[in-house]
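So the structure is just underneath, and the comments pick up after that.
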Amino acid sequence: MEKRPRSFYVLATFFALFLLFLYGPTITIAILSFQGPQGGLTFPMRGTSFHWFGELFEQQAVGDIWGSFSRSLVLGLMVMTTTVVVSVMGGFAFRKKFPGSSVIFYLIITSLVIPSILVSLGVGLIFSQSGLPVHWSTSGFGAQLTWTLPFGLLIMFAVFNRFDKSYEEAARDQGASAWQTVRHVVLPIIAPMLIGVALFGFTLSYDEFARTLLTAGSYNTLPLEIYGMTTSVTTPVIFALGTLTTAFSFGVIAVFLLILLLMKKRQTRHGSDAGQGLV
């Protein structure tokens, strides 16, 4: 067996340190969330228990944990759906050059480099000065779309840039209409990428803080609620909340990956059935 070069171990050590830096804080919070009833916010731990997870389901002295969670969940689903729909439409629109397409493209990219807090301030001011209510479902929704849509559009631009148009030509040769071609040919082929856009849209919205800070109105989303709790909660209940929200995020990713796996299996099965039909 060939001996590995010294550079391999150097790079492996660097990668291990990177993973520790990336997930170390999350692991630390998860450990501290299992403190005993007399536990505090720091090490050493005072026993182990599920006490603080149970406290999450009790009436809290400050904050509205489950209300903020439900708002973040609904807002995430709204942003996810809108991001997928608009990204697909934008991907179709940019398949051909049109007047002003380059300007629109760079305007889309520019929104990613503008400081998020300035976007939040600008959207909040527009709504308040226009006499419109500043609310998480209106101004907050719009502010978050300025963050998720560019990512979704960039993904769809890359997808359609590499899309083989011969599939569409074959469908039209068989008498399919434009809508039938999109529905039965294009969308099934790009479906895995749509799952990726949906995952981007939901997770970016669910975790977004800066662009929601000045646009959520009187009702906090979960990131805002957690931030507010850091100034008033002095028990490991906040660590338990962090552990549960992290587990929820990983659960969402697992669900999307499962959907993607099932779609791939279905496509493989259909391809195999079609091949047997030809034989």
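Laid out as a table, the results:
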item: Relative packing of 178-189, 201-212, 223-234, which averages over residues the other C-beta atoms within 10 Å, highest first; result: 201-212, 223-234, 178-189
item: C-alpha long axis of helix 237-278 to longest principal axis of the chain, angle in °; result: 20 degrees
item: Nearest-ten-degree value, helix 101-113 long axis tilted from longest Cα axis of the chain; result: 20 degrees
item: Between helix 65-93 and the chain: long-axis angle, C-alpha atoms, 0 to 90°, nearest 10; result: 20 degrees
item: 1.4 Å probe accessible area per residue over the stretch 30-177, in Å²; result: 58 Å²
item: By average C-beta atoms within 10 angstrom, highest first, the peptides 67-77, 3-13, 242-252; result: 67-77, 242-252, 3-13
item: Mean separation of Cα contacts under 8 Å, 6 or more apart, over the residue count of the stretch 1-132: relative contact order %; result: 9 percent
item: Reachable lysines from Lys165, criterion Cα separation under 27 angstrom, eight or more residues apart if same chain; result: Lys96, Lys97, Lys264, Lys265
item: Where only C-alpha atoms are counted, convex hull volume of the chain per residue in Å³; result: 243 Å³
item: Over the chain, relative contact order from alpha-carbon pairs under 8 Å, at least 6 apart, %; result: 30 percent
item: Sequence-distant residues sharing a close amide H with Gly40 (under 5 Å, placed H); result: Arg46
item: Vicinal HN-Hα couplings computed from phi for the stretch 13-24 (Karplus, 6.51 cos²θ - 1.76 cosθ + 1.60; Hz; Gly/Pro x); result: 5, 4, 5, 5, 5, 4, 5, 5, 5, 6, 10, x
item: With every protein chain in place, the chain: carbon and sulfur % of accessible area (1.4 Å); result: 69 percent
item: Cα-derived Rg to Rh of the stretch 87-173, Kirkwood definition; result: 1.12
item: Centroid-to-centroid separation of the stretch 1-71 and the stretch 86-140 [C-alpha atoms, Å]; result: 35 Å
item: Cut-off under 5 Å, modelled amide H: who pairs with Gln35 long-range; result: Ser49
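The values are calculated or read from the model by the stated rules, or taken from the named source; none is laboratory data. These numbers were taken from a predicted model, which means no experiment stands behind them. Ideal geometry is used to build each Cβ from the backbone, glycine not excepted, and the neighbour counts take in all protein chains shown. The accessibility values were calculated without ligands, DNA or RNA, using every heavy atom of the protein model including side chains. Shrake-Rupley method; radii C 1.70, N 1.55, O 1.52, S 1.80 Å.
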